[in-house]
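Quick notes on the structure that follows.
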Amino acid sequence: MPTIYEVAKHAGVSTATVSRVMGGLPSSVSPDTRRRVLATIEELGYTLNAAAQTLRTHSSRTILVTVPDLANPFFAHILQGIEDAAQRDGYAVLIGDTQHEPAREERYARMLRQKEADGLIFLGHRLPHEACGLMHKASRVPIVNGCEFSEDLGVPSVHIDNAKAAFEVIDHLLSLGHQRIGIVTGPSGSPLSRDRLRGAFARAQQAGVHRDLVVINGDFTIESGARAADRLLDQRTPPTAIFCFNDEMAIGLVETAHRRGVRVPDDLSVAGFDDIRFARFTRPPLTTVAQPMREIGRGCVRLLLQILRGEAPESMSITLPHKLTIRASTARPRASGRWMGMPAVG
């Protein structure tokens with residue numbers, strides 16, 4: 001087992017410098033030196049007793065990340081970005097799957113107060129009461145939000161412009177000739193879902209078709225997309241296009257449409273949001289908004305480490321670019337609605 005002295009000699013620094021890097025102390029260690037020491041630590045396989053390190057530096061070298069639904073592939077890409085950035089700075093990542101349960105969110109946030117983690121990145125839209133309590137006691141608390149931005153939370157956030165992205169989806173559907181458009185939202189309490197609805201409604205209002213929007217609430221799961229499909233396709237005058245606020249719901253909706261004998265995009269255009277890995281492999285490939293998921297994760301870690309080093313975060317709101325990716329699931333509407341009212345198949 002290599003010693004701290006061997007790491008220092010190999011990296012060409014003092015043992016004190018190695019300790020400062022391992023302890024995450026802000027200061028005096030230049031970025032180049034920090035990278036060299038971390039590379040040497042990894043090369044030699046050096047480990048420092050975690051309990052001793054925590055007692056000496058009051059740092060666990062652990063970042064806590066809470067995820068509302070670990071089964072959602074959207075979060076998997078963000079977590080990869082978080083893991084990449086954290087590992088580069090010598091931090092471990094602890095993941096908590098809260099399953100949208102406030103009690104779980106509180107238990108994980110308590111770990112931050114108890115110094116079991118140095119910082120918290122939460123990927124949901126609720127700031128736990130335990131975390132709020134810490135914010136009342138200090139001006140810079142190591143808490144960062146990913147994906148959702150709300151000024152009311154008072155914490156830095158990394159996200160895209162959800163309203164603008166949804167505006168562009170509706171613009172695309174309108175440009176194809178669709179006027180009666182269905183929308184499947186996320187949870188009503190989610191800021192990003194509200195922003196997407198606001199953007200979609202704004203573009204529909206510009207075109208004078210906002211009264212024809214048919215809005216169904218979903219919960220970002222495949223199952224809620226399937227349920228929304230039944231409700232929308234059972235309308236007296238069904239929409240010719242449906243915009244789902246994430247790809248999972250869009251996939252569930254497309255499958256249900258196929259089961260009912262409604263062809264996508266011949267009879268019904270469908271658009272999603274996120275551009276998860278499966279979006280390009282659906283039948284047909286899904287038109288969607290591509291989010292820079294890994295960059296969101298990396299950005300969250302960058303903000304969090306700035307706070308941990310005693311620096312002011314570069315911004316309270318970092319907006320990353322998105323891209324409307326047009327694939328084969330959207331097309332011009334049929335001249336007639338012959339498919340409407342077709343009996344379900346199977």
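Every number in this text was worked out from the coordinates using simple rules, so none of it is lab data. Quick caveat, the model's predicted, so the values are computed rather than measured. No Cβ is skipped: glycine too gets one built from the backbone with ideal geometry, and neighbour counts run over all protein chains shown.
Applied to the range 275-284, the Karplus parametrisation 6.51 cos²θ - 1.76 cosθ + 1.60 on θ = phi - 60° returns per-residue 3J(HN,Hα) values of 6, 5, 4, 6, 4, 7, 10, 6, 10, x Hz, with x for Gly and Pro. Over the chain, dividing the summed -39,500 (n - 2.57) contributions of all DSSP H runs of at least 4 residues by the number of residues returns a 222 nm mean residue ellipticity of -13500 deg cm²/dmol. Of the trypsin sites (Lys or Arg not before Pro) in the range 96-135, the ones in a loop by DSSP (not H, G, I, E or B) with at most 12 other beta carbons within 10 Å are 115. Comparing 145, 162, 217 in a Gaussian network model of the chain where C-alpha atoms under 10 Å apart are linked, the largest mean-square fluctuation is found at 217.
A Gaussian network model of the chain, with springs between Cα atoms under 10 Å, assigns the largest mean-square fluctuation among 67, 215, 301 to 215. The fraction of all Cα pairs in the range 169-283 landing in successive 5 Å bins from 0 to the largest distance is 2, 13, 25, 26, 22, 10, 2, given as whole percents. Here's how it looks for residue 96: its modeled amide H is under 5 Å from those of 65, 66, 67, which are all 5 or more places away or on a different chain. The residues 183, 95, 326, when put in order of fewest to most other Cβ atoms within 10 Å, stand as 326, 95, 183.
Here the Karplus relation 6.51 cos²θ - 1.76 cosθ + 1.60, evaluated at θ = phi - 60°, turns the backbone of the range 301-312 into coupling constants of 5, 4, 5, 5, 5, 4, 5, 4, 8, x, 9, 6 Hz, with x for every Gly and Pro. Shown for 325, 282: other C-beta atoms within 10 Å of each C-beta, ranked fewest to most, produce the order 325, 282. Panel order for 34, 298, by other beta carbons found within 10 Å of each beta carbon, from fewest to most: 34, 298. Computed across the chain, the Kirkwood hydrodynamic radius from all distinct Cα-Cα pairs reaches 22.0 Å. Count Lys and Arg as plus one, Asp and Glu as minus one, and take only other residues whose Cβ is under 15 Å from that of residue 37; the net charge is then +2.
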